[in-house]
1. List the residue pairs whose Cβ atoms are under 7 Å apart, where the first residue sits in segment A:21-42 and is more than 12 Å from every other protein chain (Cβ to nearest Cβ), the second is basic (Lys, Arg), and the two are 6 or more positions apart or on different chains.
2. Looking at (1) closer than 22 Å to C:ALA324 by Cα; (2) under 12 Å from the mean Cα position of the chain (by Cα), can you tell me which one C:PRO235 breaks?
3. Would you mind telling me which numbered condition in (1) more than 14 Å from chain A (Cβ to nearest Cβ); (2) more than 15 Å from C:VAL287 (Cβ to Cβ); (3) among the hydroxyl-bearing types (Ser, Thr, Tyr) C:THR195 fails?
4. Only one of C:LEU84, C:LEU141, C:LEU126, C:LEU152 is more than 14 Å from chain A (Cβ to nearest Cβ) and on the phi < 0 side of the Ramachandran plot. Can you tell me which?
5. Can you name every residue in segment B:69-107 that is closer than 20 Å to A:LEU132 by Cβ, among the aliphatic types (A, V, I, L, M) and either surrounded by 12 or more Cβ atoms within 10 Å (Cβ to Cβ) or within 12 Å of chain A (Cβ to nearest Cβ) (or both)?
6. Which count do you get for residues in segment A:361-393 that are within 14 Å of chain C (Cβ to nearest Cβ), in contact (Cβ under 8 Å) with a residue 12 or more places away in the chain and assigned to a helix (DSSP H, G or I)?
7. Can you tell which of A:VAL459, A:VAL436, A:VAL396, A:VAL466 is touching a residue at least 40 places away in the same chain (Cβ under 8 Å) and within 25 Å of the chain's Cα centre (by Cα)?
Amino acid sequence: MTFTAPVLNYAQLAPMLIVLGGALIGVLIEAFGPRASRHASQLFITVASLVAAFAALVRVRNQSSVDAAMGSVGFDGAGVLLQGTILIIALLSVFLIADQENFTALAAAVPGSSEERESLQLDLRVTEVYPLTLFAVAGMLLFPVSTDLITLFVALEMLSLPLYLMAGLSRRRRLMSQESALKYFLLGAFSSAFLLFGVAYLYGYSNSVTFAGIQASITGGSGNDVFLLLGIAFISVGLLFKVGAVPFHAWSPDVYQGAPTAITGFMAAATKVAAFGAILRIFYVAFANAEWQWKPALVLIAIVTMVFGSVVAITQRDVKRMLAYSSIAHAGFLLAGVIALSKSGLDASIFYLFAYGIATVGAFGVVTLVRDSAGEVTDLNRWSGLGKRSPLVASVFAFFLLAFAGIPLTSGFIGKFSIFSAAYETGSTAILIAGVLSSAIAAFFYIRVIVLMFFKDPVEDGTSVVIPSALTTTTIAVTSLITLILGIFPAPLINFIESSAFFIR
Amino acid sequence: MSANPYIPILVIFAIGFGFAAFSVGIAAVTGPARYNRAKLEAYECGIEPSPQALQGGRFPVKYFLTAMLFIVFDIEIVFLYPWAVTFDKLGLFGLVEMAIFIGTVFVAYAYVWRRGGLEWD
Amino acid sequence: MTTSTSLVYLIALPLLGATILLLAGRRSDKWGHLLATALSASSFGVGLYQLSQMLNRPTEERGVSQKLFSWISVGSFNVDAGLLLDQLSICFVLLITGVGTLIHIYSISYMSHDENRRRFFAYLNLFIAAMLLLVLGDSYLNLYVGWEGVGLASYLLIGFWNQKPAYATASKKAFVMNRVGDMGLSFAIMIAFATLGTVSFSGVEEASHTASKAALTAIGIMLLVAATGKSAQFPLQAWLGDAMAGPTPVSALIHAATMVTAGVYLIVRSNFIFDAAPTAQLLVVIVGAITLMFGALVGTAKDDIKKALAASTMSQIGYMVLGAGLGPAGYAFAIMHLLTHGFFKAGMFLGAGSVMHGMNDQVDMRRYGALRKFMPITFITFGLGYLAIIGVPPFAGFYSKDAIIETAFNAGGVKGILLGGTALLGAAITAFYMTRVMVLTFTSKERWEDNQHPHESPILMWLPMAILAIGSVTTGFLFTRGHALVNWLSPVVGEHAESEEMLLQPMVVSGLALLAVAIGVAIAVMKYQRADVETVAPQNVSIFTRIARKDLMQDSFNEAVFMRPGQALTSLLVKGDENVVDGAVRGIGRTALGAGASLRKTQTGFARSYAALILIGAIALIAGIWVVTQ
């Protein structure tokens, strides 16, 4: 058996390596750094490695190759755009995470135990959240550029495991937070198993784990179609779980609610970008020629997801759960871009992911600000009249909701418009109709929250908006500004995406 | 390929089911049924079940911590074997990569050590 | 078409004002209102400059356009943000900025005791900017942006005193009903894009010559839905009365002169669509006719002076829509009535505000009376507006309304008689209820509460009223002299087509109209001038009065037809989720995991249901793909 040493293109892998390096340094700081300065040094390392990774990415933005890592990583325009999006979202989320008020003092302590009280008195901080974030980011960076199924699976686990832990770090309502973390873990493991099962079937079908190999087998049509069918189905389950598509969505409301809000924002935005990046790549590259097999099923899932997310969101009483269902609905809209299976569908999806991710981080950033003496207030009833007490914060939140609803002059409108027109161009009229209808339903509950904030009387129960830290302010300001700018002048970004988004095969 | 492509799947299911049924059945039929107190206990892995322990007879979390650490280093060894086999062909590249790999595992080790994960009490 | 680089200033100036005032916050409390007024006035100045430029050019080259930037470019779909100023839009630009500036001036005094006056002016400026964008956009999409913008601004302004829950509810109602209309507009845009491949006015006009009638009819109907929402036309009229909760200058600007006429603008602007889609055009006429009667009937029963005026606005816009639905013969008259109405109705609203100002914010006309002596200027300006609206020559309303009635009669056949008859009857009722307002407020006996000391308003308030009153007197004459407005607009809305056979001669129509007015006035004077009017609305009145007081049951209608089914559907879905979905999942989970009783104890919460759901989903997915591939 011959064996050749692998050749790696370090420049193209640099963004991921930098982030991983930062994470390792972070772990070492946890091990050896003095407790007092840990928070500051962790924050510095995290921000520095994200910025450095972005710079490294910018340096190689025009390159493309299938050989970044022996055919396991495809480096191309779409990958660069998705990685850039993830890094920007991660950086903005880290600013929210930096407000440690949301995190538990000692994650390992049993809720309500004396250890927990002690750690609270000592004013401990879970600074592990920074390296965990970086590990998750590294996994997310790898996810959309994986071009073989093994790497895809490794990336999935790499981004998921830290997130399971991070979901359990909430400072308040510890039990709920831990429950959500456990749920996320169990179900995530369950769905990963499906994915792995699918990998096995696809290998059985094509004797290859690379996307290119699978595509070649499908084109050649030599394999056993049942294996292909099962492979596509099981891999779809694993990936659709991550984006929260119906019926693989059930974890997301619980986890969104239980996790610390800053983490929820990060999870909702960045995970979705990474997972949809991977979905786009695998369906556009590996499964494109088996379109007739998976498309009808995926169309159905997209429609059900949009409608379900929008309808159920109406009944929510908790702002984080409502945003979770809204994110389910958005997953449905994004699937329309996958189904389009065209260049314009790809462009629209990438734009939508960027716009949605930014707005999501911003919206959750605002949620972190509404608190009472016992921590964040997420009960929507207690948000009533917020517009009278804190008009600026309420207006910013309302603006993000309008962006989610796809009202013109926000990025959401352009995103929805381009994704639906891409779906329409490729003849998916059913998607278009379902999309427009569920957008209308969705608009109803977003508007309901706006009405609640501005036209109901304030409740006098100590709910108030805290003065945000400088970093949180930065995140909210930047995200709302981007959302507005993309709503008014989307052309530069759209043109940029159009000129550079492509998948290398 | 046979006329019906689903036959292989069916066969896999049949074999799986058959194996499970066979194992359970054969154990019930041929296995000696000599029970004693130790046999009826929950686990036979050497640990005394301790129903009097805190919170309803659970294992101390330390067991799991140790077990996980073991797995981390166990897997490291698994990676070291193929490297050892192809050491000549990978050359310096392989050496550096493996040093980095071991380095990262040691980072984890250092964290566990410094944070008291190795202290039993 | 000529291009210009200065159109954007029309919008940019008031937008700048809104931005500065909102960003500067309390710091600008002292000078914010002055800045806003100055910027609105300078926008009016730019408008006048544009008009003078326009007059210097030959007829064919009067329209100017300005491309701002490439807005959306998605696939084959390209929209440039561009502005278009032609003979039609200049009318609106001058009306919006002119009346808008007057109302700014009025508000300086009217709102002087409100601690949030600066915010009010910021919203006013925002509204002006959005409304200008609406009438200046060169495509349906740009119009849509302005359309949403005025919706937002009006929402903010109606709910300006949102500390009162009823007011907040009113603004919410306006917002929601407007959204229904907005859906119409967005559907129209989508259909236009899908069938014609373009959404710019010029593009759609060109494509309309060859497009299928069905598509044009669909677009036309959707545009009509949009117009009914924004212009408070039947069946989306219910919000206008409640919108009176906003400060009175808002009612004058938004709910009389400008925003509510946007629907008329939309129809006239889309004349090429309606001309090619007779069915849609017929619907426009029907909506207009129904609304003009509807508004007039509601107007007869309202005791709240602003609500009476709101009902009258509804009715008058009904006339405009009716005119616009009559095709090339009526477009110019619709616009003419719109402009004259802009003057007299804004003036009357400001007059109502002035009365309220002098009467401690009392709005119940049954508590007014004999105010003529105490508010002479308000009385005169309001009176001139009154004469204009009921259509007494030579006041403005006479010319414009008469033209619409006449065109309606000449629409041909039974349709003409029906429409003309409705318009004529509407005129009589208008005369009745406006006289009622006039008599109850100014001439009949005093019915005030004890602690009231009516007084004339300060100059900053009556000056705008006076200027608007002059407009209500003169504009009708000016517009009709030598068919000035008709000729001016003809390049945009098509040549004015005088119908061949006239059912009735213009003189006969005028005579009939005047007769109708006289009857209406006479009944009202007899009923209210002489008799003692009760200060509390009597309850033992006929069923018709009661229904009219309740806005002809429009809220009940909405509740029964839209709200209830919507709520039922929602709760059904919720129940379905709780019972069917959760139940099914639990049931299947129970069956699937029935053996694992010990396993269940170690599981927490409902993670098992979730996992079962994933499993079911996976099976369904496989089944789905399998079914497709067979």
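1. Within 7 Å, the pairs are A:HIS39/A:ARG125.
2. Single failed check for C:PRO235: (2).
3. In the conditions (1) more than 14 Å from chain A (Cβ to nearest Cβ); (2) more than 15 Å from C:VAL287 (Cβ to Cβ); (3) among the hydroxyl-bearing types (Ser, Thr, Tyr), C:THR195 misses (1) alone.
4. It is C:LEU84.
5. Hits for segment B:69-107 are B:LEU69, B:VAL72, B:VAL105, B:VAL107.
6. 4
7. Just a single option satisfies the conditions, and that option is A:VAL396.
Conditions (1) within 23 Å of C:PHE343 (Cβ to Cβ); (2) basic (Lys, Arg); (3) modelled with pLDDT of 85 or more, marked per residue:
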{"residue": "C:MET222", "(1), (2), (3)": "no, no, yes"}
{"residue": "C:TRP239", "(1), (2), (3)": "no, no, no"}
{"residue": "C:HIS255", "(1), (2), (3)": "yes, no, no"}
{"residue": "C:THR261", "(1), (2), (3)": "yes, no, yes"}
{"residue": "C:LEU266", "(1), (2), (3)": "yes, no, yes"}
{"residue": "C:ALA277", "(1), (2), (3)": "no, no, yes"}
{"residue": "C:ALA280", "(1), (2), (3)": "no, no, yes"}
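The values are calculated or read from the model by the stated rules, or taken from the named source; none is laboratory data. Note that the structure is predicted; figures quoted are calculated from it, not measured. Please note: Cβ atoms are built from the backbone with ideal geometry, for glycine as well, and neighbour counts cover all protein chains shown.
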